[in-house]
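First the structure, in the form of structure tokens, and then the observations on it.
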Amino acid sequence: MHYTSNNSIENLVKELSDDFNSSTELSIILAAGHGKRIKSQRSKMLHKIWEIPTVERVFRACKNGLPNSNSIVVVGIKAEDVIRVIGKREANKFAYQKEQLGTGHAVQVALETIDPNSNFNTVFVLPGDMGLLDSDTISKFKRDFELSNCDMMVLTGLYSGDPKNNYYGRIVRVKEKSIDGKPSGEDFGKVIEIIEYKDILALDDDELYTVDYKNKKYGFTKLELLEINEYNSGVYAFRYDKLKSLINQLSSDNAQNEIYITDLIYLFNKNGFSVGAVSPDNQFVVMGFNDKSVLKEMEAIARRKIFDRLKNIIEISDPDDFFIHEKVVEQIEELDKKGIPLDISLDKGVYIGENVKLNYNVHFGRAVFVDGNVIFGENVRLQNMVHLSCFPNQQLIIGNNVEILWSDIIKGNIVIGDNSRIESSVNITGSDEYPTRIGKNVLIKGTSYLFGTIVEDGVYIEHSVLIKKRIRAVKDENGNIRPVRFYIPIPEGADLVNDIR
């Protein structure tokens, strides 16, 4: 197991942190936890949804939903891995939480990195595992916070299932009347506190849970608390000056000996600061995960969102079994804006990676895998289980009217010319030093392998192994290009091979 010293982490924090800009907005992303229930040696924050780590998704949502804002990513367990995934970003700093002492402590650590003379106005706090959070939700949350004139706001979820299965902290709001029957007046509906599910369960069934709010006492039965469907998502907004004045008053005087950000609600109310709560338009955006089953559910939601974006633009045969990277989805949407039908179709199990460049009338057969800088011409057909890929510094270019048949593997620095046909059981590779170039109107069939080979236009190759060769197009006496068939290189180590008698 790899261990990283605190000193090296702190050096990495300094190296990859960037100076803040003049924005008065700050977002703090809490990415220090590990998530014991996820049962993985990888950081919880680096588990992927639709091939993107959750912390990266939250980071992008912040930057897109709060343009030009500054940000702090709090790291802890597996700190180096998380830092390197985010990398150096404009107006972003890292804060290292050496000991995981709770969410409130993580915010304390983040604020310690800020110049005391900073003129921030608003601070947003977000969990790094909320991988379905999007920029629209954050933008709306910001608007709701500004319109509310509250000093603190919580983004809440609305649970629709059996309350017994809702393990989140409940949002406790002011009732219409206090215990002694006095109307709550303008305080009705205001947020009093968040009570954790396990604390509700610990109450006696006949015990009345009482809380004070502005010199009035409100009572809740255990059943009332359990049936509250509004829960804490872990996303908050604060007035910076109020947060700064109270953050260090949080204590770890609880059973877990941790400092919780939820305790700020009590402190804000105690000091006469206002606390509000709003829920997003789409409930799935506030999903976080503690185990693999929820992560899988989040992946399914992400897939449905992608399918909904594409279902009327291209053909996807199985909405539950495909992958198209979000960058390629955006590319497809841009092509669609030109008003020309794309005629792109995907069979079950297709994977299309981040840097693929699509074109018109491309068909992907079942379980086709395409990843890397793969650039398609028009009218290309890939039959079942074709594999196309290359390294990041390479390009794999496929011309117009190309057909690649079942189970072919084509990898590396390669160009396939227009109107060529690569039949089944062919393997083609090309390196930086020895690229493979296949001309126009080429036919390759049989159990053939090509590496670092240049094939001129119109050549026919069958059952051949061609390594670092140039294949010339030479015509016979009838004007037909002569085929290359059954070419096998001289073997190495033939003296080591004997018949078994």
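The values are calculated or read from the model by the stated rules, or taken from the named source; none is laboratory data. What you see is a predicted model, and the numbers here were worked out from it, not measured in a lab. Every residue, glycine among them, receives a Cβ derived from its backbone with ideal geometry; neighbour counts consider all protein chains shown.
So which strands (runs of 3 or more DSSP E) are wholly in region 377-434 and hold at least 1 residues that are touching a Lys or Arg at 6+ places or on another chain (Cβ under 7 Å) and assigned by TED's automatic domain parsing to the domain that holds Tyr460?
Qualifying strands (runs of 3 or more DSSP E): 387-389, 414-416, 426-430.
Does Leu12 count as in the same structural domain as Lys244 (by TED's automatic domain parsing) and more than 20 Å from Val123 (Cβ to Cβ)? Write out each step before concluding.
On the way: in the same structural domain as Lys244 (by TED's automatic domain parsing): yes; more than 20 Å from Val123 (Cβ to Cβ): yes.
For Leu12, the condition - in the same structural domain as Lys244 (by TED's automatic domain parsing) and more than 20 Å from Val123 (Cβ to Cβ) - is met.
So, in region 473-501, how many residues would count as being acidic (Asp, Glu) and outside any loop (DSSP other than H, G, I, E, B)?
The number of residues fulfilling the criteria is 1.
Of everything in region 235-265 that's of a type in the set (Ser, Thr, Tyr) and part of a loop (DSSP other than H, G, I, E, B), which residue is modelled with the lowest pLDDT?
Ser252
For region 287-318, enumerate the residues that are within 23 Å of Ser233 (Cβ to Cβ), among the small types (Gly, Ala, Ser) and in a loop (DSSP other than H, G, I, E, B).
Gly288
For residues that are of a type in the set (Asp, Glu) and over 23 Å from the mean Cα position of the chain (by Cα), scanning just region 366-404, find the one that is surrounded by the most Cβ atoms within 10 Å (Cβ to Cβ).
Glu403
What residue, among those in region 93-111 that are in a helix (DSSP H, G or I) and within 24 Å of the chain's Cα centre (by Cα), is surrounded by the fewest Cβ atoms within 10 Å (Cβ to Cβ)?
Thr103
Do you know which of the residues in region 266-286 that are out of contact with any Leu (no Cβ under 9 Å at 6 or more places or on another chain) and in a loop (DSSP other than H, G, I, E, B) is surrounded by the most Cβ atoms within 10 Å (Cβ to Cβ)?
If we take residues in region 266-286 being out of contact with any Leu (no Cβ under 9 Å at 6 or more places or on another chain) and in a loop (DSSP other than H, G, I, E, B), then Ser274 is surrounded by the most Cβ atoms within 10 Å (Cβ to Cβ).
Output the number of residues of region 306-341 satisfying the condition of being in contact (Cβ under 8 Å) with a residue 60 or more places away in the chain and in contact with a helix residue (DSSP H, G or I) (Cβ under 9 Å, 6 or more places away or on another chain).
So the answer is 3.
Does region 346-401 hold any residues that are among the basic types (Lys, Arg) and touching a strand residue (DSSP E or B) at 6+ places or on another chain (Cβ under 6 Å), and which are they?
Residues satisfying the conditions are Lys357, Arg381.
For Ser407, only one of the following conditions fails: (1) polar (S, T, N, Q); (2) surrounded by fewer than 22 Cβ atoms within 10 Å (Cβ to Cβ); (3) over 38 Å from the mean Cα position of the chain (by Cα). What is its number?
(3)
Kindly indicate the residue of region 345-365 that is part of a loop (DSSP other than H, G, I, E, B) and under 25 Å from the mean Cα position of the chain (by Cα) and also surrounded by the most Cβ atoms within 10 Å (Cβ to Cβ) among those meeting that condition. Before you say what the answer is, go through the steps one by one.
At the first step, the residues of region 345-365 found to be part of a loop (DSSP other than H, G, I, E, B) are 347-349, 353-356, 358-361, 365.
If we keep only those that are under 25 Å from the mean Cα position of the chain (by Cα) as well, we get 347-349, 353-356, 358.
On the way: Asp347: 20, Lys348: 15, Gly349: 18, Gly353: 19, Glu354: 15, Asn355: 17, Val356: 23, Leu358: 20.
Here the answer is Val356.
Filter region 43-56 down to residues that are surrounded by fewer than 24 Cβ atoms within 10 Å (Cβ to Cβ) and closer than 23 Å to Phe20 by Cα, then give me how many there are.
Within region 43-56, residues that are surrounded by fewer than 24 Cβ atoms within 10 Å (Cβ to Cβ) and closer than 23 Å to Phe20 by Cα number 1.
Kindly list the number of the only condition in (1) in the same structural domain as Gly412 (by TED's automatic domain parsing); (2) at pLDDT below 95 that fails for Arg501.
Here Arg501 clears every test but (1).
With the requirement that a residue be under 15 Å from Lys445 (Cβ atoms) and touching a Phe, Trp or Tyr at 6+ places or on another chain (Cβ under 6 Å), what does region 455-484 give you?
Matches in region 455-484: His463, Ser464, Val465, Pro483.
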